1. Leaving out same-chain residues fewer than 8 places away, which lysines sit with a Cα under 19 Å from that of A:K154?
2. With solvent modelled as a 1.4 Å probe, how much accessible area in total do chains A and B shield from it at their shared surface, in Å² to the nearest 100?
3. Do you know the relative contact order of chain B, to the nearest whole percent, from alpha carbon pairs under 8 angstrom that are 6+ apart?
4. Specify which residue in the list A:P165, A:H252, A:V152 is farthest towards the positive end of the charge dipole of segment A:89-334, using unit charges on the beta carbon of Lys, Arg (+1) and Asp, Glu (-1), about the Cα centre.
5. Summing +1 for each Lys or Arg and -1 for each Asp or Glu, what net charge is found among the other residues whose Cβ lies under 9 Å from the Cβ of A:E239?
6. Let me know the charge dipole size of segment A:15-73 about its Cα centre in debye, to the nearest 20, where only the beta-carbon of Lys, Arg (+1) and Asp, Glu (-1) is charged.
7. Give the separation of the Cα centroids, segment A:2-22 to segment B:181-234, in Å.
8. Taking square-rooted eigenvalues a ≥ b ≥ c of the alpha carbon gyration tensor, is the protein assembly as shown rounded, prolate or oblate, where a/c under 1.5 means rounded and, failing that, a/b exceeding b/c means prolate?
Amino acid sequence: MLRFIVRRLLQAVLVLFIVSLLLFTWLRKLPGGPIDAILGERATPETRAALRKTLGLDQSIPVQYLHFLNNAIHGNFGTSTQVQTGTDALDLFFQRLPATVELSVLALILAVITAIPLGYFAAKRHGGFLDTGSVVLSLVGVAVPVFFLGFVLKYFFSIEWHMLPPAGRQNPDLDATRITNFYVLDGLLTREYDAAWDALKHLILPAITLASVPFAVIFRITRASVLEVLNEDYVRTAESKGLSERIIRGRHVLHNALLPVVTTIGLQVGALLTGAVLTETVFGYPGLGDALAQAFRQRDYAVLQVLILAAALGYILVNLLVDVAYAIIDPRIRTR
Amino acid sequence: MTAPSPAPATTDTLLSVRDLTVEFGTKGQTPFRAVDGVSFDVRPGQTVGLVGESGCGKSVTSLAIMGLLPKRGNKVAGSATFDGTDLLTLDDREMRDRRGRDVAMIFQDPLSSLNPVVSIGVQVAEVLQRHRGMKKSAAMAESRDLLDKVGIPDPSRRLKEYPHQLSGGMRQRALIAMALACKPRLLIADEPTTALDVTIQAQILNLLKELVVDSGTALIMITHDLGVVAGLCDEVNVLYGGRIVETAPRHELFASPRHPYTNGLLGSIPRLDGARNEQLAAIPGSVADNIPWTSGCAFAPRCSRAIDVCRAETPSLEQDSVAIEDHLLRCHNPWPTGGEA
Ligand SMILES: Nc1ncnc2c1ncn2[C@@H]1O[C@H](COP(=O)(O)OP(=O)(O)OP(=O)(O)O)[C@@H](O)[C@H]1O
Ligand SMILES: [Mg+2]
């Protein structure tokens, strides 16, 4: 197991290197650039050239890349040019990280705790009302664009009915104490329960929006997988032993049926990152996705590089975690 | 239309199946009758064979008795009286209490019949925990003894292993341990050796025989192989197209098989003393050639002794006129006593 993890981490380093190379080149080939974004269209050629020199953009791309790589190894990923001008890109990443983690974790929890039971019961009552209904719901989940769902939810629940806040992470008037920058957690730790509740209210709509795609995917995989497992001989054996429905459901059906679901959840983390960009933009939620969208519009190279590399690393790590979890729940892999 | 039932169940009958009929089919379609008016008795400690080719309704019969048929898409009629209670009328909870405790079952394919992600020990122990109210640790200790009893070497180690780590024979032994864990009074074995190597088959059959004799468990042995029946069963029911075509005590059946189908099955048993180049007689055709029982004898299209009446009238199950013992037969033109294949 340890050798497996080490090998995967070495692979991760290689992947990150390749991603950084592609990303670096691609960004610099994009039309527009930080100079236009910072100075606007009408700056004189002299000012442009001066800024280009300050930013090091006058050198050839390979030279720039080696420079970047050398700095990166020493933990220096450059400075934000636009998103938060002058802030170290890595600092900016860590500032924004808790917001997105809080949102994604809540969205993933929402997706998992609704999709798995629903998938199970839909399969149990295959062809019934619940089954048909939830299949349609999951189709809607994948078919409706994330930003559209976000706008609709925001329109009704915030603008029309004033039930939930339309944007932000927390009401600044609360002046909440910060410890971890996970606002809900901070509220609980400091016993500022109103602050925790307010942060949670800000999370609900974005989390539902972000959960829609993973929900639909996890639901469909669970349903298909349970349908298959219910027909397995070992479920019949379990029934022939007169076991309780609870044991049959948990130990014999779900334990087997969730194996493919676990892998799917890992892959959904990728979708979550994409979804976060759209969701955070719609809800003006100050997380990584929001920063990424801004950085892209304004060609903030340093910020883009850090965020995309971090996303790739996060994706690799989560899937490594998923593989480890898989080995733990599937003895056929563990005992090979 | 249905055959007269055998003599009413006597008090020493453990299981009495009467006119068991199972139909499959979705609404609107003509239902398919997989089991049609099957009746037989099992006395305590007795071993009864249910024999027939693939598709003749053996598994459906046993699943119906166990209450394990799919919840939808089938209709079960008749009765299966176990110890005074008709199992077919029990609700889900009552049946769950009996399965694994009073009536247990083992299946054909030991690998697919075991949960791949749960250790052998837990799969045995869970029956004990469920029906005997044992705590996990006590149940595991008992499971170890059970594995030992069914002849699994090094049971303490095997307890912690998973199905893929065991050989086919050991897996079937583990399934037998689970089935017999709560000392059920009836065990249904649905082709327990079909998926195993020939050498292992005999071992498993001997083990089953030993265990049921020791514990006084009655056994319904389902097989397509009359050879298995010969070594094991007291009574034999031969099934064809969902109906019993011949029933007799083992000696009687082997001494004077009367139904042409039974003769055909006997002819396809390899004999150790048979001449080397002797061809195994197979019954020509397949179950697919069945005609429905309502328009004559279902076996007629494949039968070498079929006469006109066979295609016109459905034979009923009756006491064989020439036999001395109980011997039921459903045939218009049976082999004379001592008939040959
Ligand atoms: N769930 C089901 N739905 C529809 N038809 C079924 C179902 N289960 C069994 N049948 C049909 O019932 C008939 C009897 O099947 P059964 O499984 O009892 O045969 P069998 O005698 O056990 O044969 P085998 O030796 O192949 O196990 C077959 O024609 C089969 O197709
Ligand atoms: Mg069968």
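The values are calculated or read from the model by the stated rules, or taken from the named source; none is laboratory data. Values in this document were obtained by computation on a predicted structure and should not be read as measured data. No Cβ is skipped: glycine too gets one built from the backbone with ideal geometry, and neighbour counts run over all protein chains shown. Heavy atoms of the whole protein, side chains included, go into the accessibility calculation; ligands, DNA and RNA do not. Shrake-Rupley method; radii C 1.70, N 1.55, O 1.52, S 1.80 Å.
1. A:K201
2. Using a 1.4 Å probe on protein heavy atoms, the buried area is about 2300 Å².
3. After rounding, I find 19 percent.
4. A:H252
5. Net local charge, A:E239 excluded: +4.
6. That gives segment A:15-73 a dipole magnitude of about 40 debye.
7. Centre-to-centre (Cα) distance: 56 Å.
8. Prolate, since a/c reaches 1.5 and a/b exceeds b/c.
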